[in-house]
Amino acid sequence: MPVYLLTDELLFPPPEGASPEGVVAIGGDFAPERLLLAYGQGIFPWPTEGFPLLWFSPDPRFVLRPTETRINRTLRKQLARSPYRITADTAFDEVIRACADVPRPGQSGTWITDDLIDGYDELHARGFAHSVEAWEDDTLVGGVYGVSLGGVFFGESMFAASPDASKIAFVTLMGNLAEWDFDLVDCQVHTDHLERFGACRVKRASFLARLHESLEKPTRRGPWRLPLGPAEALERLQRS
């Protein structure tokens, strides 16, 4: 199956034409304009060692509605006592670099390259990319980052250097997204970790339709300030 080769022109082919592996196009760069165009069409970059830059729109897609976040009893207890200080958009570059350094099962390297970091740092400076951080005193011990457009948060990666730090940051983010009336979190591809939080597979056509509707909402540009801490985020999700 032929795959579209990107040029300097800001253009992607329809995601419905992706290969069976979900590859929509190859080439291009991490320019903020290209990244925003891709996310708005349900496409995301996934650098792979030994290949040109690959752009994906898999079928099925893995997604989570913030109001349907599942939280086990142990984590609920952790959230209620708030062992970490949670912030947003105060250490974006540190979070993305920490995510790049986390060992991944079955991977010898990282897909979070220096060029990717530069592109997302610029998206963050423009108010579209966000991080949620977990702190132990003044030490960053966990976090999650992604991109926000309309009523969708496109999750990219998370890391933890202390027990449950990334989970608490993630659930705090979910509670605030629910408070802000976000429709959807794009988790991209299946992981057991996110499935335990309630993420599920949907057909690409269904995801693209929901994405199109959600992009009608205004984008909440950064820097973000979270109205709900961990305990309040837990309460908000339990009311959903």
Legend entry - Estimated distance in nm for a label pair at Glu136 and Glu9, the labels positioned 7 Å out from Cα along Cα-to-Cβ: 5.3
Inset, instruction - Report the FRET efficiency, 1/(1 + (r/R0)^6), for Arg97 and Thr191, where r is their Cβ-Cβ distance and R0 is 22 Å, rounded to 0.05. - result: 0.55
Legend entry - Label-to-label distance, nm, for residues given as Glu235 and Ser206 (7 Å Cα→Cβ offset): 3.4
Legend entry - Sequence-distant residues sharing a close amide H with Thr48 (under 5 Å, placed H): Leu54
Inset, instruction - Could you run the Karplus curve 6.51 cos²θ - 1.76 cosθ + 1.60 with θ = phi - 60° over the range 163-171 and give me ³J(HN,Hα) per residue in whole Hz, x for Gly and Pro? - result: x, 6, 5, 5, 5, 5, 4, 5, 5
Inset, instruction - Scan around Glu136 for amide H atoms under 5 Å from its own, H built in the peptide plane at 1.01 Å from N, and keep only partners 5 or more places away or cross-chain. - result: Val141
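Can you give the convex hull volume per residue for the Cα atoms of the range 1-88, as a whole number of Å³?
Numbers: hull volume 15.1 nm³, N = 88.
Convex hull of Cα atoms, per residue: 171 Å³.
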Legend entry - Karplus 3J(HN,Hα) series, Hz, for the range 204-216 with 6.51 cos²θ - 1.76 cosθ + 1.60 (x for Gly, Pro): 4, 4, 5, 4, 5, 5, 5, 4, 4, 5, 5, 6, 6
Legend entry - In order through the range 43-54: 3J(HN,Hα) via Karplus (6.51 cos²θ - 1.76 cosθ + 1.60), integer Hz, x for Gly, Pro: 10, 9, x, 8, x, 10, 4, x, 10, x, 4, 9
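If you build the convex hull over the alpha carbons only and average its shadow over all orientations, what do you get for the range 102-240? Give it in nm² to one decimal.
Averaging across all directions leaves 9.4 nm² for the Cα convex hull.
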Legend entry - Label-point separation in nm, Glu122 to Thr219, each point 7 Å along Cα→Cβ: 1.4
Legend entry - Estimated Rh, the chain: Kirkwood, alpha-carbon pairs, angstrom: 18.1
Inset, instruction - Please list, in chain and number order, the residues 5+ apart from Asp89 or on another chain whose amide H is under 5 Å from its amide H, with Hs placed from the backbone. - result: Ser131, Val132, Glu133
Legend entry - Cα long-axis angle, helix 114-125 against the chain (0 to 90 degrees, to the nearest 10): 60
Inset, instruction - Just check the range 9-50 against the gyration tensor rule for me: Cα atoms, a ≥ b ≥ c as the square roots of the eigenvalues, rounded for a/c under 1.5, and otherwise prolate or oblate depending on whether a/b exceeds b/c. - result: oblate
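Computed from the coordinates by the stated procedures, all read-outs in this text should not be read as laboratory data. For clarity, every value in this text was computed on a predicted model and none was experimentally measured. Don't worry about glycine lacking a Cβ; one is built from the backbone with ideal geometry, like all the others, and counts go over all protein chains shown.
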